[in-house]
1. What is the log10 of I(q)/I(0) for the range B:52-178, computed with the Debye formula using one identical point scatterer on each Cα and no solvent, at q = 0.11, 0.20 Å⁻¹?
2. Would you please classify the overall shape of the range A:1-58 from the alpha carbon gyration tensor, given that a ≥ b ≥ c denote the square roots of the eigenvalues, rounded means a/c under 1.5, and beyond that prolate means a/b larger than b/c while oblate covers the rest?
3. Mind checking which aspartates and glutamates have their C-alpha under 13 Å from B:K484, skipping anything on the same chain fewer than 8 residues away?
4. Enter the per residue convex hull volume of chain B, computed from alpha-carbon coordinates, in Å³ rounded to the nearest integer.
5. Which GluC sites (Glu not before Pro) does the range B:324-390 hold that lie in a coil by DSSP with at most 12 other beta carbons within 10 Å?
6. I need the peptides B:414-420, A:290-296 ranked by packing, meaning the mean over residues of other C-beta atoms within 10 angstrom, with the highest value on top.
7. Based on the alpha-carbon gyration tensor of the range B:312-352 and its eigenvalue square roots a ≥ b ≥ c, which shape applies: rounded if a/c is under 1.5, prolate if not and a/b is larger than b/c, or oblate?
8. Mind checking the per residue accessible area of the range A:377-460 for me, 1.4 Å probe, whole number of Å²?
Amino acid sequence: MTKLTDLTIAAALNGLNKGEFTSAELTRDHIGAVENARALNAFIVETPELAMEQATASDERRKSGRVGLLEGIPIAMKDLFCTKGVQTTAASKILKGFTPTYESTVSQNMLDQGMVMLGKVSLDEFAMGSANITSGYGNVISPWRANGDDKQRIPGGSSGGSSAAVSARIAMGATGTDTGGSIRQPASVTGIVGIKPTYGRCSRWGVVAFASSLDQAGPLARSVEDCAIMLQAMAGWDQKDSTSVNMPVPDFKAVLGQSIKGLKVGIPKEYRVDGMAPEIDKMWQQGIDWLKDAGAEIVDISLPHTKYALATYYILAPAECSSNLARYDGMRYGNRVEGKDLNETYELTRAAGFGDEVQRRILMGTYVLSAGYYDAYYLKAQKIRALIARDFTEAYKQVDVILTPTTPGSAFVIGEKQDDPLKMYLEDVFTVPVNLAGLPGMSLPAMLDDKGLPLGLQLIGRPFDEETLFKVGSVLEKAAGFTAKPDMGWVNAK
Amino acid sequence: MTKENKYILQGQTGDWEMVIGLEIHAQVISNSKLFSGSQAEFGGEPNSHVSLVDAGMPGMLPVLNAYCVDQAVKTGLGLNAQINKYSVFERKNYFYPDLPTGYQISQSQYPVVGNGIVEIDLEDGTTREIGIERLHLEQDAGKSLHDQHPQKTYVDLNRAGVALMEIVSKPDLRSGEEVSAYIKKLRAIMQYLDTCDGNMEQGNLRCDVNLSVRRPGAEYGTRTETKNVNSIRNILMAIEYEASRQIELIESGGKVVQETRLWDPGQNITRSMRSKEEAHDYRYFPDPDLLPLELSDDEIEQIRVTLPELPDQKKKRFMQDYGLSAYDTSVLISEKPLAAFYEAVVANKRDAKRAANWVISELLGMLNKQGKEIEDSPISAEQLGGLIDLIQDNTISGKIAKDVFSIMVETGDDAVKIVEEKGLKQITDTGAIEKIIDDIIAANLAQVADYRGGKDKLFGFFVGQAMKQTQGKANPDIINELLKKKLAGE
């Protein structure tokens with residue numbers, strides 16, 4: 001029999017329904033897997049007692065016929081979601097020991113649908129990073145290794161704890177947040193599926209903010225269907241978030257397996273960037289062929305402002321973060337380092353509490369909003385953001401969905417690119433425009449590269465058209481037949 | 001004195017003129033705060049009206065209170081101002097312990113209300129139009145309590161997030177009198193609209209004063225902004241101090257520096273707080289947690305139809321319908337409850353002018369002395385009306401009425417009852433009065449002879465005697481008439 005930890009969410013829900021196993025059993029196996037995989041450093045806080053309690057309660061509910069969308073499914077929660085009674089740190093030392101008295105809307109929605117929470121998984125500090133090497137609680141290590149080397153590789157970021165946990169089969173799914181690619185890039189480099197829904201689809205209430213106009217929650221899981229199930233549970237209008245959108249959440253599962261005959265798929269020429277690995281190109285072409293075979297029509301398109309996206313993003317996101325992180329001042333909660341006066345207390349507190357990358361972005365953001373620079377940076381970036389969004393609007397007059405690679409390469413070795421923030425920022429070159437335009441984007445595994453590491457394809461949809469992503473995603477998933485798993489030998493040996 | 005002259009300040013080297021603009025922070029009357037559901041009420045145990053949003057907890061988001069927007073629009077309409085259908089909430093970033101999020105949500109580039117006009121009433125009965133530059137909505141900060149502990153500062157967040165309207169005037173004010181009239185008028189308008197109670201003691205109406213001086217008619221000089229002036233009296237003192245300081249500075253060869261100053265109510269001086277160079281860079285940018293505020297013509301219209309009669313409309317009506325002077329009217333309408341009191345007094349076809357005199361001179365004089373507001377008046381409008389009725393139907397004289405009024409204040413009794421019990425009813429029986437006058441003439445024959453010999457002034461003596469005999473109760477008209485007849489020997 002397959003190990004319970006290898007099941008997809010859909011298969012586990014089926015097994016639970018048929019009474020083949022209980023949530024308590026499913027959860028116990030996952031708790032064991034979490035303990036065995038501590039070498040990954042995926043979790044900041046494990047909550048096994050809470051998980052077992054929730055699993056037992058779920059089994060009771062199931063007996064009485066009340067079955068939620070995630071009934072009894074063990075999930076890892078990104079530590080950016082505030083969880084009532086469970087420490088929430090955003091992977092920052094400044095919030096070490098902070099225990100919210102409230103539950104984020106998204107995690108509450110999931111609890112309402114029967115989720116079992118295994119614990120809080122790590123991330124880049126305040127979700128700022130693409131490699132999960134800026135966490136105040138240590139690097140997260142990918143379970144994947146390249147053929148013939150045992151170097152530690154990145155799980156992607158910022159949802160690196162989520163991607164590591166899901167790909168290592170220690171959680172069935174995980175929540176993520178995506179500000180510039182933080183769901184899709186980690187999913188891509190760990191061989192799993194991740195979707196960032198349209199901005200406004202999921203509530204941001206109770207999610208520690210990085211860049212409010214870009215942040216969006218979404219799921220990471222091991223199949224397109226699992227992502228559909230999870231997003232169904234997470235999404236929905238929330239009066240407590242003025243930027244969430246009052247639209248019905250469609251039945252995402254219903255479109256899985258539907259024909260894409262005649263669907264128009266855009267291939268943006270600007271995404272063929274210099275220095276892109278030849279394998280990425282090969283994979284992209286493979287994706288195009290799979291969709292052609294399924295009856296889709298391939299259309300060459302242009303998104304002319306793509307080249308400005310990264311620069312725009314690295315003005316707007318730091319600008320918003322410089323303001324969003326002002327509340328971490330040591331006055332009301334979190335850690336404080338006393339100085340001789342108020343200003344010194346602020347300085348010492350924030351110098352001790354924030355890591356280098358967070359400080360770098362606060363400084364950049366403060367700079368671009370300063371008097372005399374606002375027009376040249378912030379305002380100009382806002383204008384370009386509008387142009388980037390318009391590129392997509394124009395494109396969607398011709399096509400229904402856009403296909404690109406998710407990342408310019410596979411997972412790199414921890415330590416690489418670390419000396420040069422600009423190189424690191426390039427990781428997000430294909431994902432950032434999607435956030436700037438507020439569109440839904442999905443990454444799903446396509447193949448392994450020469451080193452035996454996963455590569456992902458990205459689908460970009462019209463606003464609030466996640467359904468097309470799920471439909472096309474399920475076609476690609478079937479065609480790719482990606483079944484590779486990380487060899488967990490080294491993880492469990494520790 | 002010509003009209004222009006009253007604005008002139010005499011310096012050592014010639015004439016000067018003040019140029020003043022005010023920034024008024026008015027707390028919006030609303031049950032809950034601008035972006036959270038916590039109570040906006042004044043007072044309460046420290047930190048008892050604080051939500052997760054107010055405390056700036058991680059992941060918390062603001063949600064705009066639509067009622068506060070309505071209140072701002074209403075106020076804008078009351079200021080004859082343009083209502084902007086598109087406005088934007090921005091973040092004003094600075095660190096302070098009583099500002100939990102590290103930024104204040106305010107409106108900078110796109111305020112909800114634009115240009116408007118307020119007509120102010122001056123003591124000489126003239127009016128002037130003062131321009132309003134804008135009105136915008138913003139959150140209040142919390143309160144730092146420095147006096148609770150020898151080393152520590154405590155923070156009370158009850159006020160954090162409460163909605164304020166910042167109303168910015170154009171630099172149109174030229175004197176202390178105008179500033180005072182402007183604040184009073186603005187306060188009256190907001191009280192009429194029920195959008196701000198105008199209570200300066202509780203800090204519900206706060207004022208920053210922008211002031212510069214110039215030679216009459218010259219270009220604007222460099223201005224300073226004086227903060228922390230929280231009563232009209234202090235504002236007038238701050239203006240006077242700051243104008244003299246600037247004039248003396250310039251006349252002695254110095255230069256006014258653009259800076260923020262603080263009013264020190266202990267020493268009655270302004271003090272430099274921070275210069276332009278030290279000014280905060282607030283790094284305003286649109287708050288990404290909030291959508292731009294968009295209002296439709298329909299929504300604005302729906303608010304417009306709810307507007308009550310405003311002070312200027314009331315003033316016009318009082319002058320027209322009651323025939324009152326501009327000054328009397330401006331006093332009566334200065335506070336909504338006072339105007340309502342007057343209208344209740346003048347009801348039942350009482351003489352409008354007499355009613356105005358009684359309300360302004362007697363009632364307000366008495367309240368002033370007792371330090372009371374019109375709402376706490378010991379005499380109701382009906383009672384004062386009753387007193388006026390007694391004068392009007394000749395039951396008592398105006399002089400006796402003042403005594404009755406004093407007794408009413410003390411006892412709270414109705415005028416009729418007092419007049420009845422104390423026997424203060426006017427003697428209008430001609431026969432009785434004639435008898436008294438005959439007695440007086442008989443007892444004062446020498447004076448009668450003098451009077452008849454040409455000493456007209458003695459007439460007052462006889463009136464006095466008659467009043468004395470009747471304890472002031474005799475109808476003065478009848479006394480006059482009879483005395484004249486009798487003294488003339490008729």
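1. Those come out to -0.52, -1.08, one per q.
2. In terms of gyration-tensor shape, oblate.
3. B:E434, B:D438, B:D456
4. For chain B, the hull spanned by Cα atoms encloses 223 Å³ per residue.
5. Working: sites: B:E335, B:E343, B:E362, B:E373, B:E375, B:E382; in loops: B:E335, B:E373.
Sites meeting the loop and neighbour criteria: B:E373.
6. On the way: B:414-420: 18.6, A:290-296: 16.9.
Ranked by mean Cβ neighbours within 10 Å, highest first: B:414-420, A:290-296.
7. Values: a/c = 1.83, a/b = 1.18, b/c = 1.55.
Verdict is oblate for the range B:312-352.
8. Computed with neighbouring chains in place, this is 33 Å² per residue.
The values are calculated or read from the model by the stated rules, or taken from the named source; none is laboratory data. If you're wondering where the values come from, they're calculated on a predicted model, not measured in any experiment. Virtual Cβ from ideal backbone geometry, glycine too; neighbours counted across all protein chains shown. Side chains are part of the model used for accessible areas, which takes the heavy atoms of the whole protein and leaves out ligands, DNA and RNA. Shrake-Rupley method; radii C 1.70, N 1.55, O 1.52, S 1.80 Å.
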